[in-house]
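K.L.:
Here it is, the structure in full.
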Amino acid sequence: MSKEILRTVNLFKAFHLGETIYAVNDVNITLKAGTLNVIVGPSGSGKSTLLSLLGGLDRPISGDIILDGQSYAALSEDELAMLRRRKLGYVFQFFNLIPHLTALENVMLPMQFIGMSHRAAKERATMLMEKVGLEKRLRHLPLQLSGGEQQRVAIARALANQPALVLADEPTGNLDTQNRDEIVALFKQLNEEDGQTFVMITHDPSMRHHAHQVFEMIDGKVTAVDNG
Ligand SMILES: Nc1ncnc2c1ncn2[C@@H]1O[C@H](COP(=O)(O)OP(=O)(O)O)[C@@H](O)[C@H]1O
Ligand SMILES: [Mg+2]
């Protein structure tokens with residue numbers, strides 16, 4: 001089997017609104033390098049909260065996450081921010097592109113954040129835009145692109161710094177059927193051809209079909225792991 005890229009250890013996250021809600025309740029999961037992983041479950045079951053913890057966007061109340069041998073708990077806020085930039089990529093339901101930057105500039109940004117030269121960032125961003133099928137859209141602004149195209153730009157941006165892991169929260173949730181199928185095919189291609197590791201929340205049955213692991217969440221717990 002391929003090596004482990006991420007592991008959670010007794011992960012807990014709670015919210016206190018009158019009563020205490022354990023949005024993530026003792027989660028222990030392992031992701032292997034080069035796999036496509038899917039999290040499913042009803043609304044409110046803790047999927048987005050878990051993904052935020054895995055992505056280092058939020059801190060657990062207890063437990064830890066180990067990414068490529070690195071414990072998040074051992075990192076300061078600045079160090080965790082550095083890890084997010086260098087080791088993780090993010091794709092969101094509503095794309096979250098920067099509206100006044102072109103598609104190419106959006107993809108360049110994460111590379112410039114870690115100090116890559118303009119020229120090198122532009123070269124790699126151009127390559128990534130070709131990879132996601134948008135070589136003819138480099139100078140378009142996000143609002144000049146369709147939803148499916150915007151999500152392709154977001155995926156190219158997520159891949160900018162060759163992340164160990166790309167996290168996606170309902171990446172096809174705001175797309176029509178055709179764009180949805182194309183984005184599912186793109187994730188599958190990036191996983192199969194480049195060995196990119198993904199973990200994504202999705203309700204899409206075809207994405208689930210392609211996954212190496214399916215985690216089912218209910219009431220903050222991962223209740224079933226299907227290695228289909
Ligand atoms: N910032 C927050 N403050 C209070 N409660 C929250 C917050 N974020 C999530 N929750 C609660 O945690 C639970 C899990 O939410 P979430 O992770 O968004 O679920 P899902 O993504 O599966 O729909 C829900 O009961 C939700 O209301
Ligand atoms: Mg959610």
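Each reported figure results from applying straightforward, stated rules to the coordinates on display, with no laboratory input. Predicted model only: the values in this text are computed from it and were never measured. Glycine gets a Cβ as well: all are built from the backbone with ideal geometry, and neighbour counts include every protein chain shown.
K.L.:
Can you pull the one-decimal nm distance between simple spin-label points at Arg86 and Ser62, each 7 Å off the Cα toward Cβ?
P.N.:
3.1 nm
K.L.:
Considering only the other residues whose Cβ falls under 15 Å of the Cβ of Glu4, what net charge follows from Lys and Arg at +1 and Asp and Glu at -1?
P.N.:
+2
K.L.:
If you bin every alpha carbon distance in the chain into 5 Å steps from zero, what whole percent lands in each bin?
P.N.:
1, 7, 15, 19, 20, 17, 12, 7, 3, 1, 0
K.L.:
Right, another one. Give me the distance between the Cα centres of the range 176-196 and the range 3-45, rounded to whole Å.
P.N.:
Cα centroid of the range 176-196 versus Cα centroid of the range 3-45: 24 Å apart.
K.L.:
Dividing the convex hull volume of the alpha carbon atoms of the range 9-80 by its residue count, what do you get in Å³ per residue?
P.N.:
Hull volume over Cα atoms, normalised by residue count, gives 101 Å³.
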